[in-house]
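Bear in mind that the values in this text are calculations on the coordinates, not laboratory data. Here the structure is a predicted model, which is why all the values come from computation and not from measurement. Backbone-built Cβ (ideal geometry, glycine too); neighbour counts: all protein chains shown.
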Amino acid sequence: MRVFQIALFASLFYSPAMGEQAPNIAPSAGAGSVSLMVLSRQVFDIARADNDPHGMVTAARLRKKAGLQEQERAGEDEGGQVHTGEGRGVLTWQAILDEAVKRSAGDETIAELAEDLRVEKTKGVVNGAIYSKARVKPRGKRRYRNIAFAGGRFAEFYSEGRGDANLDMFIYDGSGHLVCSQTDPSNISQCGWTPSFTGPFTVVIENKSDVTASYALMTN
């Protein structure tokens, strides 16, 4: 039931206007796509905890609609220990479907839903969420500089890790002042604010665990 409540919220929350991008902003996902990615992860986490393959299919559908497209984003490693393993890859809608089929224990309905979604055309994609993926060393940081946002327009970063790593996010303006942060024990961070001026910002992803962390970084 919790999964379907969130999925209903997703359908009400998204509107085409949310996908509009402000001018002079770095290539990005658009607010609509970022929101779909966040909701997709929430639905997936609940469905996984409840062992609910139907909910996982819903999560995969939301994630596919966001239209993930990979784009490199230059970042700088700071400090940290030696990498421990390779980390886990980005959570794709295909990976979510694979998990749904696995959890369904041969349920033909789930298999059919998954296959339908795999072959479904992507005409419903919001506006093509652009993300970058990276790894951050145990107890280390990864810094992304000079990401431009327009003053007076809502700005947002979302990072999503895999595995058990503890990832925190810090946003700084061009003068080095902290404007937004999220620090909790999870591997997911979401930070939104409205810049008072147009200019460059810096985002820092910090790994506070003792294992290498893989993650995807998105921004509107």
| message | Taking the Cα centre as origin and putting +1 on Lys and Arg beta-carbons and -1 on Asp and Glu beta-carbons, what dipole magnitude results for the range 122-220, to the nearest 20 debye? | response | 380 debye
| For the range 105-220, which semi-axes, largest first and in whole Å, follow from the square roots of 5 times the eigenvalues of its Cα gyration tensor? | 32, 21, 11
| field | Extension reserve of the residue 139-residue 109 stretch, reckoned as 0.36 nm per residue once the Cα distance is removed | value | 6.4 nm
| query | For residue 49 and residue 178 in the same chain, what is the full-extension length gain: residue separation times 0.36 nm, less their Cα-Cα distance, in nm? | reply | 43.0 nm
